[in-house]
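The values are calculated or read from the model by the stated rules, or taken from the named source; none is laboratory data. What you are looking at is a predicted structure, and each value in this text was computed from that prediction instead of being measured. For neighbour counting, all protein chains shown are included, and Cβ atoms are generated from backbone atoms with ideal geometry for every residue, glycine included.
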Amino acid sequence: MAQTAGNKAGEQVPTRRDIIRAGVGAGGALFVVFGIPSIAKVVQADAGATARPAPAPAPAPAAAAGPPFMPSGFVRIDPAGTVTLTMPQVEMGQGTYTSMPMLIAEELEVELSQVKLAAAPADDKLYGNPLIGFQVTGGSTSVRGFFKPLRVAGATAREMLIAGAAKTWGVDPASCRAEKGVVVHDASGRRAPYGELVATAAAVAVPTDVKLKDPKSFKLIGTSARRLDVADKTTGRAQFGIDVRLPGLLIATVAASPVIGGKLRSVDDTAAKAVKGVRQIVRLEDAVAVVADHMGAARKGLAALAIVWDEGANAKVGTADVVATLQAATTQSGVVAERKGDVDAAMAAAAKTVEAVYELPFLAHTTMEPMNCTVHLRKDACDLWVGSQVVSRARATAADVTGLPPERIAVHNHLLGGGFGRRLEIDFVTQAVQIAKQVDAPVKVVWSREEDIQHDIYRPYYVDRLKAGLDAGGRPSAFHHRVTGSSIMARWVPAYFKDGLDADAVDGAAGPYDFDNLLVDYVRREPPAGLLTGWWRGVGVTHNAFMVESFIDELAQAAGREPIDYRRALLARQPRARAVLDLVAEKAGWGAPMPKGRGRGVALLFGFGTYVAQVAEVDVSPKGEVRVSRVVCAVDCGITINPDTVRAQMEGGIVYGLTAALYGEITLKNGRVEQSNFDNYQALRINEVPAIEVHIVSSLEEPGGIGEPGTSGIAPALVNAIYAATGKRLRKLPIDGRQLAAT
């Protein structure tokens, strides 16, 4: 998911009074609600009035929710002292189910174990992401978006509980304090657990300006807390969308047109209906589904179908056609994304010019949990059980397909077995609801791995042209980056696709560097109709970091300069970027001699509010075989909530990025995706994973994202290391060992 800009000059910043509301809900629970006024008007109800329950989360908490405010989330404390956070964000392995409760627990002065979670229902007004404007988990925005609102909510609840206890005891609130879920009056020795204070606390005035903790006083934030979701995932109790079991549930699996954009012409289902356990054959415009008692029967029935496809206009399309179109487009001027100084004049006056064209392929997401969605459609209501990064969009597509009003659609969101941007899409939800319209029972639709890879929504194919003019000292006096590829924004959020510019496609297109004369432009070229492109872990930065950091190495070579020193000279106004670069050089032992066939490469990026530098060490055999032996990573993500999660995300991102750089490529032949499973769309094996070191810079800056930067920096570090080892420059991924073999 692409990033959006923060508050612009002149915009009104919400006060804490705007953000916080509190009261007593049904069942005697104290709730604290936070909201962003720009997303939804916050309405304050009388704390003593009878409350209408908010939409029930899934799974619903034991006690009812608070009154019908219009926030983006709420915190509830029940009479037992349990704190429940209705989670607006989803957990897909990135640690939000631990880091976000840590924010509440820190300010509320409770143990992390006291905070329970309930998944938020679909509701953009109540649970919209403050940085994006609607309910979405993506773009590494979860902690960045909710860092302050959650802390303010926790601090407000804490102060109200203290005030309630002080009122009961007839003492000055300043003489009381909170610790571990208890309010304490040291002078008298009196103590009251939070649960005993909820009714009294809700009756006091809501603080208008609570004081948040100084980071020096943090007890939980900045510590490596154990992940709250690990135990259930280890024992198998964790429930993903694919685990749903319902009475009378049927299972369906699907075959869509093997040719991109193709349609169903006819199908002979005689043999399929003879398979034991097969209940029904469902025909869609571009797919066929077999509905059965279990997956074995469904798959056997699907294999027995005799399907005739209308292959359409793409029956002869191949990867070469896509690439030729993009390459031609790189010679055309694009929509200006950023301009500084006079690039043309500086280029004309340069002592030397360097130009290169880089190419990145389509990439699939290959989440470990294939696409799936369970639907129970009745005449007047519809329930979905799914794992989605965009819960409200899942509800919206179900409403569109069924014709039911959105309030009659219930989305029960689950843990995600990998997202990486794939579950920002709703195509599989739409298809499942279309199938359910023809099935008189709850039905779980599960894609096979082959269906998942061959009908993914792929990371765009990019062909970028970069050109720089170097002065007599080798410094870039002009820098031009032309990005050429499809626009995800134009399809996904048309409102952000303005004047032909896709802001995500050019994100990071100049790196973190200081250029006196700069031009970034964008040329939109779409692939064949029916082949959709979408966000992939790292979004725009993941492709631009490869282009820019590979090219910066080329400029250093042309200038006769050492790669890290060359970068340092371009970072005079970027102290945080320079600091991570210096740290990674130190920890990697940059400059130490390497044996023949081994090399080090570096890459630096700024994205998602985070600075990352990586050094890769590689060995290249005489046959051109590449093995990555070590990766050193330095990261400045501002205030670190959970260092263990930061390290895990950097490690996971590096492995995911290495997989793509070494093996990842979706190719087309006769309109068909050639890859189908992990035998020909290879993942990095455990014996191939390098030693990975992650070093975190201590910082008091606002938190940055950590889910995607690790993925974005590893590919350029890898190709730069290959150049250091072999003297051969690669400008296209994945790595082609044939180009590296000794001649």
Would you tally the residues in region 249-275 being over 25 Å from Q454 (Cβ atoms), in contact with a strand residue (DSSP E or B) (Cβ under 9 Å, 6 or more places away or on another chain) and not in a helix (DSSP H, G or I)?
1
Considering region 580-611 alone, what residues qualify as being outside any helix (DSSP H, G or I) and within 28 Å of the chain's Cα centre (by Cα)?
G601, V602, A603, L604, L605, F606, G607, F608, G609, T610, Y611
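Look at F546 and say whether it is assigned by TED's automatic domain parsing to the domain that holds Y723, among the aromatic types (F, W, Y), in contact (Cβ under 8 Å) with a residue 24 or more places away in the chain and outside any strand (DSSP E or B). Steps first, answer last, please.
Values: assigned by TED's automatic domain parsing to the domain that holds Y723: yes; among the aromatic types (F, W, Y): yes; in contact (Cβ under 8 Å) with a residue 24 or more places away in the chain: yes; outside any strand (DSSP E or B): yes.
For F546, the condition - assigned by TED's automatic domain parsing to the domain that holds Y723, among the aromatic types (F, W, Y), in contact (Cβ under 8 Å) with a residue 24 or more places away in the chain and outside any strand (DSSP E or B) - is met.
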Scan A252, A256, A272 and give me the residue that is farther than 26 Å from P643 by Cα, free of Cβ contacts under 8 Å to residues at least 40 places away in the same chain, surrounded by 19 or more Cβ atoms within 10 Å (Cβ to Cβ) and not charged (D, E, K, R).
A272
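Considering only residues that are of a type in the set (D, E, K, R) and part of a loop (DSSP other than H, G, I, E, B), look in region 501-539 and name the one that is nearest to G653 (Cα to Cα).
Going through region 501-539, the residues of a type in the set (D, E, K, R) turn out to be 502, 504, 507, 514, 516, 521, 524-526, 537.
Filter once more, so that each one left must be part of a loop (DSSP other than H, G, I, E, B): 502, 504, 507, 514, 516, 525-526, 537.
On the way: D502: 24, D504: 19, D507: 18, D514: 27, D516: 33, R525: 28, E526: 28, R537: 8 Å.
So the residue we want is R537.
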The condition of being charged (D, E, K, R) and either assigned by TED's automatic domain parsing to the domain that holds G139 or out of contact with any helix residue (DSSP H, G or I) (no Cβ under 8 Å at 6 or more places or on another chain) (or both) holds, among R738, R627, R731, only for R738
Search region 509-545 for residues being touching a Gly at 6+ places or on another chain (Cβ under 7 Å) and polar (S, T, N, Q), and hand back the single one that is farthest from A313 (Cα to Cα).
N517
Output the number of the condition that W169 fails; it satisfies all remaining conditions of (1) surrounded by 23 or more Cβ atoms within 10 Å (Cβ to Cβ); (2) without any contact (Cβ under 8 Å) to a residue 60 or more places away in the chain; (3) of a type in the set (F, W, Y).
(1)
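Looking for something among the aliphatic types (A, V, I, L, M), over 21 Å from F240 (Cβ atoms) and touching a residue at least 24 places away in the same chain (Cβ under 8 Å) - is there at least one such residue anywhere in region 364-377?
Narrowing region 364-377 to residues among the aliphatic types (A, V, I, L, M): 364, 368, 371, 375, 377.
Retained after the next criterion (residues that are over 21 Å from F240 (Cβ atoms)): 377.
In the following step, the residues that additionally are touching a residue at least 24 places away in the same chain (Cβ under 8 Å) were identified as 377.
Yes.
Pull up region 647-699, narrow it to residues that are among the hydroxyl-bearing types (S, T, Y) and assigned to a loop (DSSP other than H, G, I, E, B), then point me to the one that is surrounded by the fewest Cβ atoms within 10 Å (Cβ to Cβ). If you could, list the steps in order and put the result at the bottom.
Within region 647-699, the first condition is being among the hydroxyl-bearing types (S, T, Y), and the residues that meet it are 656, 659, 663, 667, 676, 681, 698-699.
Those left that are additionally assigned to a loop (DSSP other than H, G, I, E, B): 667, 676, 681, 698-699.
Values: T667: 15, S676: 16, Y681: 22, S698: 8, S699: 18.
Once the filter is applied, the top-ranked residue is S698.
Say whether the condition of being free of Cβ contacts under 8 Å to residues at least 40 places away in the same chain and not charged (D, E, K, R) is met by at least one residue in region 93-108.
no
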Residue that is over 23 Å from Q332 (Cα atoms), among the basic types (K, R), in contact (Cβ under 8 Å) with a residue 40 or more places away in the chain and out of contact with any Cys (no Cβ under 6 Å at 6 or more places or on another chain), where the choices are R525, R578, R561
R561
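Please specify each residue of region 218-238 satisfying the condition of being surrounded by 11 or more Cβ atoms within 10 Å (Cβ to Cβ), of a type in the set (G, A, S) and assigned to a loop (DSSP other than H, G, I, E, B).
Just the residues of region 218-238 that are surrounded by 11 or more Cβ atoms within 10 Å (Cβ to Cβ), to begin with: 218-233, 238.
Now narrow it down to the ones that are of a type in the set (G, A, S): 222, 224-225, 231, 238.
G222, S224, A225, A238 - these are the residues of region 218-238 that are surrounded by 11 or more Cβ atoms within 10 Å (Cβ to Cβ), of a type in the set (G, A, S) and assigned to a loop (DSSP other than H, G, I, E, B).
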Would you pick out the residues in region 428-469 that are small (G, A, S) and closer than 23 Å to N677 by Cβ?
A432, S448
Residue under evaluation G638, criteria (1) assigned to a loop (DSSP other than H, G, I, E, B); (2) under 24 Å from E688 (Cα atoms), criterion not met
(2)
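With the structure loaded, tell me whether R378 is more than 23 Å from the chain's Cα centre (by Cα) and basic (K, R) or whether it fails that test. Working first, answer last.
Values: more than 23 Å from the chain's Cα centre (by Cα): yes; basic (K, R): yes.
Answer is yes for this residue.
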Does R491 meet the test of being under 25 Å from S257 (Cα atoms) and either buried (at least 18 other Cβ atoms within 10 Å of the Cβ) or at pLDDT 95 or above (or both)?
yes
If you take the residues of region 110-158 that are more than 21 Å from the chain's Cα centre (by Cα) and hydroxyl-bearing (S, T, Y), which of them is farthest from G419 (Cα to Cα)?
T156
Taking first residues from region 190-217 that are surrounded by 14 or more Cβ atoms within 10 Å (Cβ to Cβ) and second residues anywhere that are among the acidic types (D, E), the pairs with Cβ under 8 Å that are 6 or more apart or on different chains are G195/D78; V198/D78; P207/E159; V210/E159; L212/E107; K213/E106; K213/E107
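Please verify whether A297 is in contact with a Leu (Cβ under 8 Å, 6 or more places away or on another chain) and aliphatic (A, V, I, L, M), treating the condition exactly as stated. First the steps, then the outcome.
Numbers: in contact with a Leu (Cβ under 8 Å, 6 or more places away or on another chain): no; aliphatic (A, V, I, L, M): yes.
No.
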Exactly one condition in (1) at pLDDT 95 or above; (2) out of contact with any Ser or Thr (no Cβ under 8 Å at 6 or more places or on another chain) is not met by A572; state its number.
(1)
